[in-house]
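Participant: Pasting in a structure now, in structure tokens, and then I'll have a few things to ask.
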Amino acid sequence: MADSAIEAPRERARELVLRFGWNAAAYQILNPGIELWFSSAADGVVGFVRHRGMLVVGGAPVCDLNRLEAVAAEFVAYAHAHGERVCYFGAGERLDDRDVDDAAWSRQPVWLRFVLRWVRLYGARFYNFSGLDAFKAKFNPEEWEPIYAIAEGASFPPRALYAIAGAFSGGVPIRLVLRALLRA
């Protein structure tokens, strides 16, 4: 494939990100290794990674806010037409039409709350969460924007968490965890 065939979609995505991007997640879709999908009207772009039948989207679709719902629906239809499901990671509140408050945590499946608490508690052996918290506090923001993982359906399926882990680990998440445990 010619370089221009690769660069043209990246340039169009860059234009949309510069016009409609609202947070860091919107800009990450320009990174190498992120697949791009454009709406049929070419006014929206989605950046994603494929993992075991799941399209893990980095952030929400990048488009005019008035078109967000339509672009997201078109992307989900595209995924379903190819036998795949969609999971949005880092979408912020953009795709969550509910009021986000402390009750949002209680709406999560019990297994997910357990896994996230366990990672925070035992993952500290491998990652300095308190150092990250201290670093972020230096910026003294007025508020922190939560990061959401949103999957299709009424509940967040384990398959979506596995796909997110696979997208971040670049392969099989179980191997990554086993290697980390062996090094501990």
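Participant: Taking every pair of alpha-carbon atoms in segment 1-74, give the share separated by more than 20 Å as a whole percent.
Facilitator: So the portion of pairs separated by more than 20 Å is 25 percent.
Participant: Pull up the DSSP beta bridges for segment 26-98 and report the antiparallel fraction as a percent, rounded to 5.
Facilitator: If I count the DSSP bridges inside segment 26-98, around 65 percent turn out antiparallel.
Participant: Please report the net charge: other residues with Cβ closer than 13 Å to the Cβ of Ser169, K and R +1, D and E -1. The partial results should precede the final answer.
Facilitator: Working: positive: Arg52, Arg175, Arg179; negative: none.
Neighbour charge sum, excluding Ser169 itself: +3.
Participant: Can you order the peptides 113-121, 21-29 by their average number of other Cβ atoms within 10 Å per residue, highest first?
Facilitator: The packing order, highest mean first, is 21-29, 113-121.
Participant: Right, here's the next one. Could you work out how much longer the chain between Leu116 and Ala42 gets when fully extended? Use 0.36 nm per residue separation minus the Cα distance between them, nm to one decimal.
Facilitator: 22.9 nm
Just so you know, all these numbers are worked out from the coordinates, no wet-lab data involved. Values in this document were obtained by computation on a predicted structure and should not be read as measured data. Note that each Cβ is placed from the backbone with ideal geometry, even for glycine, and that neighbours are counted across all protein chains shown.
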